[in-house]
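What follows is calculated from the coordinates using simple rules that are stated; it is not laboratory data. Keep in mind that what you see is a predicted model, and the values were worked out from it rather than measured. Cβ sites come from the backbone with ideal geometry, for glycine too, and all protein chains shown count toward neighbours.
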Ligand SMILES: Cc1cc2nc3c(=O)[nH]c(=O)nc-3n(C[C@H](O)[C@H](O)[C@H](O)COP(=O)(O)OP(=O)(O)OC[C@H]3O[C@@H](n4cnc5c(N)ncnc54)[C@H](O)[C@@H]3O)c2cc1C
């Protein structure tokens, strides 16, 4: 029987997603948010780590604010077997009754969290962009809804745990502190575990960027208005001169002009650069919801009435490819001189 009724424990759990650790900081970001929220409901901050030889992650999560870490460490947990992870989490939640479970909206988290919520018969808000605690001690989960056209504030008043996935880059991690202490609770692998229906034969890491787009000080974003994959490639040249990263809208990613990794928006990354260039982008809410922390926006569009032009600090009514080429030429000239 899953834990779907209110119980007294007030712990906030953060699922430890440590794959691609140096690029994917979402677990640390969630721990930071849990540290902010915990005093409001008199809760402890806990991390949950499953895997093979995970001691370094236990230490890391404690150094980033976890007061307690629940661990299942076993060679069979290499490669993130999802059905096993769901089962292990279900067992631990049933045993310890956390109040809140937070999971990063990574590719794994997006598969893992709904399966877990279903098992636990509780609610789940996906892709949240904020988490707060209200006067009744409930977690208010702000998530895009109706195709991203509205931001909904969602609470889970009846069932437990309250569950949310949160987009990477939404919260700031707190600095690593080796002096922090935490309790470690190790659990053995149960005798009976699901037979995985999907077997991971090998995994290959996609080509890494020089920096994470979420942390880039300059982001050069391109949309359908760039016209073609070949023309879109010019944006990489511009980004490289500016020591920035390239972002893209959904049509661009769906047309395979660039990897999904570059997607900026509701379904992709949240960026907060000092300067954001936007080339040939209309400014749909699903995209702009993820750029509202940009400090300065330069938008290039043939249509002066495009929403992206209204949001811009500098709006250039022109052909995106021509402006991109002119900028590259001018910047190269300045570098030479
Ligand atoms: C559930 C859901 C989730 C979504 N998530 C995302 C998301 O995460 N990220 C995202 O980006 N979108 C997302 N979308 C899609 C989003 O609604 C828009 O369709 C998308 O952002 C539009 O991309 P775009 O601006 O590149 O294309 P368009 O809307 O087609 O705009 C192209 C722009 O280029 C301009 N243009 C054309 N030619 C030129 C030229 N030569 N020079 C200059 N300007 C030119 C046009 O005037 C136009 O403004 C989502 C949609 C849904 C329903």
**Complete:** Counting only backbone N atoms under 14 Å from a point 7 Å out along Cα-to-Cβ of residue 95, the residues of the range 151-184 in range are 184
**Distance (nanometres) between label positions extended 7 Å along Cα→Cβ at residue 274 and residue 186** = 4.7 nm
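Give, to the nearest whole percent, the P(r) tail of the range 12-186 beyond 29 angstrom, counting all Cα pairs. List each step's numbers first, then the result.
Numbers: 1829 of 15225 pairs.
I get 12 percent for the Cα pairs in the range 12-186 exceeding 29 Å.
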**Asked** At what distance in nm do the modelled label points of residue 233 and residue 322 sit from each other, each positioned 7 Å from its Cα along Cα→Cβ?
**Response** 2.4 nm
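Over the residues of the chain, compute the C-alpha Rg and express it relative to 2.2 N^0.38 Å. Don't skip to the end; give the middle numbers.
Working: Rg = 21.8 Å, N = 337, 2.2 N^0.38 = 20.1 Å.
This ratio for the chain stands at 1.08.
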**Prompt:** Quick one: if you stick a label point 7 Å off each Cα along the C-beta vector at residue 303 and residue 40, how many nm between them?
**Reply:** 3.9 nm
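Taking the Cβ-Cβ separation of residue 173 and residue 285 as r and a Förster radius of 25 Å, what is the calculated FRET efficiency to the nearest 0.05?
Values: r = 27 Å, r/R0 = 1.09.
Between residue 173 and residue 285 the formula returns 0.35.
Can you put 120, 276, 150, 193 in order of Cβ neighbours within 10 angstrom, beginning with the fewest?
Numbers: 120 22, 276 26, 150 10, 193 16.
By the 10 Å Cβ count, ascending: 150, 193, 120, 276.
Mind running the shape call on the range 213-336? Use the C-alpha gyration tensor, a ≥ b ≥ c as the square roots of the eigenvalues: rounded below 1.5 for a/c, prolate if a/b tops b/c, oblate otherwise. Please list the in-between numbers first.
Numbers: a/c = 1.26, a/b = 1.22, b/c = 1.03.
In terms of gyration-tensor shape, rounded.
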**Request:** For the range 156-279, just run the numbers: alpha carbon Rg, then divide by 2.2 N^0.38 Å, N being how many residues it has.
**Result:** 1.47
**Request:** Any chance you could check the Cα centroid distance between the range 136-196 and the range 51-80 for me, in angstrom?
**Result:** 16 Å
